[in-house]
Amino acid sequence: MSDHINTIREATNILNNYYGVLATEMADEIIAHKADFESAGLCQNESIIEKYAKHASHVSVIYGFLRFEAKYTRPEGREPLARNEFRCFGCGEVIKDTETACPLCGWSWR
């Protein structure tokens, strides 16, 4: 496999993990401004939603582009899974129960 593809796959893994970081930050800020989200008026909740929607949208576009460019080849999947192994929903690779993400594409249950 070329270094170009490995570089792109590493970048997609990093962005995949960043989605979790962004979601945590967003959740913390929403909880901190709970009263604004419970009221009918547009207080600070609109600016929080706008900030994260714009940011998540930009990250999503870059992630999608990189993922398309990585050209994943799906495994045949003909071999049966052993006990405590799972099939990745992203690329079809085998994920062992000790792994937190797919070793090939970085997909995880989080």
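If I model the chain as equal point scatterers sitting on the Cα atoms and use the Debye formula, what is log10 I(q)/I(0) at q = 0.10, 0.18 Å⁻¹? Here log10 of I(q) over I(0) equals -0.43, -0.93. Could you pull out the longest piece of the chain with no exposed loop GluC sites (Glu not before Pro) in it, calling a site exposed if DSSP puts it outside H, G, I, E, B and it has at most 14 other Cβ atoms within 10 Å? Here the longest run is 1-75.
Gain on full extension, evaluated as 0.36 nm per residue between A82 and F65 minus their Cα-Cα distance, stands at 2.8 nm. By the rule of a C-alpha distance below 13 Å, with chain neighbours fewer than 8 residues away ignored, the aspartates and glutamates paired with K51 are E25, E29.
Spin-label model, C43 to L22: label points 7 Å out along the Cα-to-beta-carbon direction sit 2.7 nm apart. For the chain, modelled as a GNM with alpha-carbon contacts under 10 angstrom, which of Y52, Y19, Y63 fluctuates the most? Maximum fluctuation in the GNM of the chain, among the listed residues, is at Y52.
Under 5 Å from the amide H of R87 lie the amide H atoms of I95, each residue being 5 or more positions distant or on a separate chain, with H modelled from the backbone and absent for Pro and chain starts. Judged by a Cβ-Cβ distance under 4.7 Å, the unpaired cysteines of the chain are C43.
One chain, two ends: A53 and T98. Fully extended at 0.36 nm per residue, the span grows by 12.8 nm beyond their Cα-Cα distance.
Per-residue Cβ neighbour counts within 10 Å put R87, R110, R67 in the sequence R110, R87, R67, beginning with the fewest.
Since every read-out is calculated from the coordinates, none of them should be taken as a lab result. Predicted model only: the values in this text are computed from it and were never measured. Note: ideal-geometry Cβ built from the backbone for every residue, glycine included; neighbour counts use all protein chains shown.
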